[in-house]
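*Asks:* Got a structure here, written out as structure tokens. Questions coming.
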Amino acid sequence: APSVLCPAHTAVFQRMAKCECHFINGTEKVRFVLRHIYNREQLAHFDSDVGLYVGDTPYGEELAQYCNSDPELLKYYRAQVDTSCRYNYDLYAPFSVERRDHPSRSQSIP
């Protein structure tokens, strides 16, 4: 006979961290963002423009406070603008910046 699982055992829980590099005018202005997501809800994020973690939910506020209390962790993520984003710009550019296609009026969707 097939086993019957309670709803808690059949749910899928997803935890994800997503890193983003935002380039404005080449590498003149670069922003690094690290997002902490749980079940499609952003809990907290690190923003290099702010230089700190920011909580987006009540639990995310606790997470941000914990992360912001670690100077080495903040130093590491603040450096990602240079060590990850700017360093890899030549790798990213052909797939993102140079492929950006602006649709003409006839191609735009109303």
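*Asks:* Within 15 Å, Cβ to Cβ, of Glu62, how many net charges do the neighbouring residues add up to if Lys/Arg are +1 and Asp/Glu are -1? Please list the in-between numbers first.
*Replies:* On the way: positive: none; negative: Glu41, Asp56, Glu61, Asp70.
Around Glu62, the charge tally is -4.
*Asks:* In whole percent, how big is the carbon plus sulfur part of the accessible area of the stretch 15-90, probe 1.4 Å, protein atoms only?
*Replies:* Values: 2440 of 4910 Å².
Accessible surface attributable to carbon and sulfur in the stretch 15-90 totals 50 percent.
*Asks:* Keeping every protein chain present and rolling a 1.4 Å probe, give me the accessible area per residue for the stretch 29-98 in Å².
*Replies:* Working: 4450 Å² over 70 residues.
So the stretch 29-98 comes to 64 Å² accessible per residue, rounded to a whole number.
*Asks:* Starting from 0.36 nm per residue, how many nanometres of slack lie between Arg78 and Ala17 once their C-alpha separation is accounted for? Let's see the in-between values first.
*Replies:* Values: separation 61, 0.36 × 61 = 21.96 nm, distance 1.63 nm.
Once the chain is fully extended between Arg78 and Ala17, it gains 20.3 nm.
The values are calculated or read from the model by the stated rules, or taken from the named source; none is laboratory data. Remember, predicted model here, so these are calculated numbers, not experimental data. Here Cβ is always computed from backbone atoms with ideal geometry, including for glycine, and neighbour counts include all displayed protein chains. The accessibility values were calculated without ligands, DNA or RNA, using every heavy atom of the protein model including side chains. Shrake-Rupley method; radii C 1.70, N 1.55, O 1.52, S 1.80 Å.
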